[in-house]
Amino acid sequence: MHDVELWSLDELCDHAFAIFEELAVDNLTASDYQAYQQHYESQSYVDLVPPGEGWEELAGTELDPQLHFEAQIGLAGEAGAPDRVLARILLSRDKDESLCHALWRGQF
């Protein structure tokens, strides 16, 4: 068995943002993408949470709660408005595991 090289949680957030920014233009509605472009510096966020329901079926494998995280990326709400989650991305902390699935606003 080999040693597993893991992303730190901060690195995993950066990795999630990089994936999001690469794919967002092709997967968000024009209005959501425009809102993200206008407000990403002041309102964008990523939250790492345990994988929600449905990810194991989508990924086709059992998920390890110590290795697999759901990155929720969106825009923070202003003046009491709710946050706008734009994407949910399933990632592994294992740098050698290529697991990556995304659900975009409107798909969840």
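Values in this text are rule-based calculations from the coordinates and carry no lab data. Worth saying up front: this structure is predicted, and the values here are computed from it rather than measured. Cβ: placed from backbone, ideal geometry, glycine included. Neighbour counts: every protein chain shown.
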So, over other residues within a Cβ distance under 14 Å of ARG84, counting Lys, Arg +1 and Asp, Glu -1, the net charge is -2
Which of the GluC sites (Glu not before Pro) found in region 23-58 are in a DSSP loop and have at most 14 neighbouring Cβ atoms, other than their own, within 10 Å?
-> GLU53
Round to the nearest 10 and give me the degree value, 0 to 90, for the angle of helix 30-43's Cα axis relative to the longest principal axis of the chain.
-> 80
Could you work out the per residue convex hull volume over the alpha carbons of region 51-107, in cubic angstrom?
-> 96
Sum of -39500 (n - 2.57) over DSSP H runs of 4+, divided by residues of the chain (222 nm, nearest 500) = -11000 deg cm²/dmol
Cα centroid distance between region 32-50 and region 7-23, in Å?
-> 13
Longest principal axis of the chain (C-alpha) makes with the long axis of helix 9-27 (C-alpha) an angle, in degrees to the nearest 10, of 60
Per the Kirkwood definition applied to all pairs of different Cα atoms, how many angstroms is the hydrodynamic radius of region 9-104?
-> 13.9
Using the 10 angstrom Cβ neighbour count as an exposure proxy, how do PHE17, PHE108, PHE69 rank, fewest first?
-> PHE108, PHE17, PHE69
Report the one residue of LEU63, ALA102, VAL4 whose Cα lies farthest in the direction of the positive end of the charge dipole of the chain (charges on C-beta: Lys and Arg +1, Asp and Glu -1; origin at the Cα centre).
-> ALA102
